[in-house]
Amino acid sequence: MTSTQVAREPLIRRVRRKAERMFGPAGIFFKGFLKHPAMVGAILPSSRRTIEHVLSVVNWDECRLFVEYGPGVGTFCRPVLEKLRRDGMLIVIDTNPDFIAYLQKTIGDSRFVAVHGSAAEVEEIIRANGFEQADYVLSGLPFSTLPEGVGPAIMAATHRVLRPGGAFLVYQYTARARELMGKYFPRIDKGLELANVPPCVISWGWKD
Ligand SMILES: C[S@@+](CC[C@H](N)C(=O)[O-])C[C@H]1O[C@@H](n2cnc3c(N)ncnc32)[C@H](O)[C@@H]1O
């Protein structure tokens with residue numbers, strides 16, 4: 001470790017601990033960002049307006065399996081569970097073990113399963129939970145900073161896993177994910193949410 005690293009280490013640790021104590025879930029999210037900036041890709045969880053906007057296309061009566069990639073500290077999980085039918089299931093997948101442990105500790109709902117893994121493994125993960133297809137998949141993944149090849153693998157697996165008529169709901173801070181999405185989802189509806197830090201681009205990709 002260089003002398004600069006030695007000097008910076010304790011400060012970063014102190015900031016993480018302080019943020020977690022002061023801001024609850026937002027602090028845990030910020031701590032996750034400091035640890036893995038490229039994988040988390042945002043310093044604040046999504047706003048309430050973003051959540052409602054992204055979920056506005058979902059037909060909840062027909063939703064038995066809802067999957068979320070990159071739930072972070074669960075900003076979308078609680079609103080999804082509020083709307084989800086009683087016999088529905090929400091499976092969330094995140095590569096950050098701290099976020100998964102936090103969700104397992106704080107969300108006690110029998111319809112909720114939090115899995116530590118990559119979104120690219122969605123097919124194996126839903127099969128292990130008794131499903132062959134998903135009705136909706138939601139993503140807050142930072143597609144532009146994911147390692148090489150991971151974005152296309154996730155898009156392809158998501159297209160395979162969705163039932164016909166199902167949708168991939170994607171919110172991002174740039175429109176770049178939409179270009180990648182267009183290769184797998186020929187029909188994409190577009191939206192923009194300004195009441196978010198930073199404003200976000202929303203894409204709803206439909207499986208025909
Ligand atoms: C921008 S944050 C989304 C936060 C949250 N959904 C929200 O609305 O506030 C991105 C999340 O994606 C997760 N992530 C990154 N790469 C992933 C992958 N390949 N599979 C699953 N989750 C991943 C990160 O750990 C992080 O929790």
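Just so you know, the Rg over Rh for the stretch 52-208 is 0.92, from Cα atoms, with Rh as the Kirkwood radius.
If DNA, RNA and ligands are ignored and the probe is 1.4 Å, what is the ranking of Asp135, Asp109 by accessible area, most exposed first?
Asp109, Asp135
In a simple Cβ point-charge model (Lys, Arg +1; Asp, Glu -1; nothing else charged), the stretch 93-208 has a dipole of about 260 debye relative to its Cα centre.
Bridgeable lysines around Lys35 (alpha carbons under 28 Å apart, same-chain partners fewer than 8 residues away excluded): Lys18, Lys105.
The relative contact order of the stretch 123-199, computed from alpha carbon pairs under 8 Å that lie at least 6 residues apart in sequence, is 34 percent. Arg127 contributes an accessible area of around 130 Å² to the protein surface, as traced by a 1.4 Å probe with all chains present.
Coupling constants for the stretch 152-158 follow from the phi torsions by the Karplus curve (6.51 cos²θ - 1.76 cosθ + 1.60, θ = phi - 60°), and in residue order they are x, 5, 5, 4, 5, 5, 5 Hz; glycine and proline get x. Counting only the backbone N, which residues of the stretch 71-86 are under 15 Å from the spot 7 Å out from the Cα of Thr106 toward its beta-carbon? In the stretch 71-86, the label zone of Thr106 (backbone N under 15 Å from the point 7 Å along Cα→Cβ) covers 71-81.
The values are calculated or read from the model by the stated rules, or taken from the named source; none is laboratory data. Given the structure is predicted, the values throughout are model-derived calculations rather than measurements. Positions of Cβ are backbone-derived with ideal geometry, glycine not excepted, and every protein chain shown enters the neighbour counts. Note: areas computed on protein heavy atoms with side chains; ligands, DNA, RNA excluded. Shrake-Rupley method; radii C 1.70, N 1.55, O 1.52, S 1.80 Å.
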